[in-house]
Amino acid sequence: MNPEHQEHLEREIDRALKALPDITAPEHLLGRVLARIEVGAAKPWYQRAWSDWPAGARFSSLVLLSVAFAGLCYLFWKAPEIQFLQPLLAKLRSLAGIADAIWSVVGTFLSLLTMAFRRLGTGVLIGCAALVFLGYALFLGLGSVFFRAALVRR
């Protein structure tokens, strides 16, 4: 595009936008917005956004959450050595074995589907996609017809 033409167009658009009158909000909307702001301002500090909390509360909550996170990390690191957690860890290992078996079956099934799609060929896949698209269009059209028929006043 021509830079001179673009600058001229920008000036024309800017002039047209500045010539527009200011838009005022309807009175009922203004009242509702101000009431909503007052309701938000009347909330206690702990029900507001975290950034609106007092500095001491933010700092102490950050320290508390950091300590809790460090404690969880330490617990997971030392969990195999803690005696009372051994039954729980054994149960988790058995669940992990079940999840691994399910993942293996799903992976085998997906590789089987991939191999089947590769064997079918491009023409069959395009035909299947066309049938799915036509079926979708048919059901969309029939749904529109039935919806219109249901709304007709007799």
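For the reader, a short list of remarks on this structure follows.
- Positions within segment 116-139 being surrounded by fewer than 10 Cβ atoms within 10 Å (Cβ to Cβ) and of a type in the set (A, V, I, L, M, F, W, C), in sequence order: A116
- Scanning segment 30-55 for residues that are within 30 Å of the chain's Cα centre (by Cα) and not polar (S, T, N, Q) yields a count of 16.
- Against the conditions (1) within 30 Å of P80 (Cβ to Cβ); (2) at pLDDT 90 or above, A129 satisfies every one except (1).
- Odd one out for L89 among (1) modelled with pLDDT under 90; (2) out of contact with any Pro (no Cβ under 8 Å at 6 or more places or on another chain); (3) aliphatic (A, V, I, L, M); (4) surrounded by 10 or more Cβ atoms within 10 Å (Cβ to Cβ): (2)
The values are calculated or read from the model by the stated rules, or taken from the named source; none is laboratory data. Quick caveat, the model's predicted, so the values are computed rather than measured. Please note: Cβ atoms are built from the backbone with ideal geometry, for glycine as well, and neighbour counts cover all protein chains shown.
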